[in-house]
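Everything below concerns the one structure shown next.
The values are calculated or read from the model by the stated rules, or taken from the named source; none is laboratory data. Keep in mind the model is a prediction, meaning the values are calculated, not measured. As a convention, Cβ positions derive from the backbone with ideal geometry for all residues, glycine included, and neighbour counts pool all protein chains shown. Keep in mind that these areas ignore ligands, DNA and RNA; they rest on the heavy atoms of the full protein, side chains included. Shrake-Rupley method; radii C 1.70, N 1.55, O 1.52, S 1.80 Å.
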Amino acid sequence: MTDFAAIDFETANKERSSVCSVGIVIVRNGEITEKLYRLIRPCPNYYSYWNTQVHGLTFQDTACAPTFPEVWKEIDPIIAGLPLVAHNSPFDEGCLKAAFQAYNMEYPGYTFHCTCRASRRTFGKSLPNHQLQTVALKCGYDLSHHHHALCDAEACAQIAINIL
């Protein structure tokens, strides 16, 4: 696969619709051509302690951020016609579908590919685990800011360039 959009969401709480940041990395002809990072006011708009511990974002960070529909209006034309790639795609696809549902938006049926599943097929037991940072390092990418949506999307893109 040479053309795709790698995507990563962070959530504010246990609800999948509570996306609070998104990272998008566009790959064309096997090269990263564009990166986009946006904070999002989550729905529902509260932060759990544990989610903040993972990614560091708080209510104050997104209090004035645009809502998901506003952010997606910017993203949609950028990813038009591209398959989406995520590490553990069921999570990110679930977040996307939940956000669409929370705002009564019609879900366009994006095609998702999973670099975690691809890693299991490609590397099998040669890796101690198939976590994003482990697979990224195997593919030559040092993920030093794990759980920052743009950094995770870029790591995912590098993995996909190497093994998808």
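3J(HN,Hα) along segment 21-35: 7, 9, x, 10, 10, 8, 10, 10, 6, x, 10, 5, 10, 7, 10 Hz, from the Karplus curve 6.51 cos²θ - 1.76 cosθ + 1.60 with θ = phi - 60°, whole Hz, x for Gly and Pro. The convex hull around the C-alpha trace of the chain, projected and averaged over every direction, spans 9.0 square nanometres. The value of relative contact order for the chain, using C-alpha pairs under 8 Å at least six residues apart, is 29 percent. The count of lysine pairs in the chain with alpha-carbon distances below 25 Å, taking only pairs 8 or more places apart or on different chains, stands at 7. For segment 67-139, the calculated P(r), taken from all Cα-Cα distances in 10 Å bins from zero up to the bin holding the longest distance, is 18, 41, 26, 15, 1 percent. Annotation: per residue accessible area for the chain equals 49 Å², rounded to a whole number [probe 1.4 Å, protein chains only].
Counting only heavy atoms of the protein chains and using a 1.4 Å probe, Ile26 has close to 0 Å² of accessible surface.
Across the protein chains, with a 1.4 Å probe defining accessible surface, the residues Trp50, Trp72 rank Trp50, Trp72 from largest area downward. For segment 18-123, which GluC sites (Glu not before Pro) are both in a DSSP coil and crowded by at most 11 other Cβ atoms within 10 Å? Qualifying residues, ordered by number: Glu106. The value of relative contact order for segment 32-76, using C-alpha pairs under 8 Å at least six residues apart, is 50 percent. Considering only protein heavy atoms and a probe of 1.4 Å, how much of the accessible area of segment 65-125 is carbon and sulfur, as a whole percent? Carbon and sulfur: 50 percent of the exposed surface of segment 65-125.
Given a 1.4 Å probe and the protein chains as shown, Leu150 ends up with an accessible area of around 40 Å².
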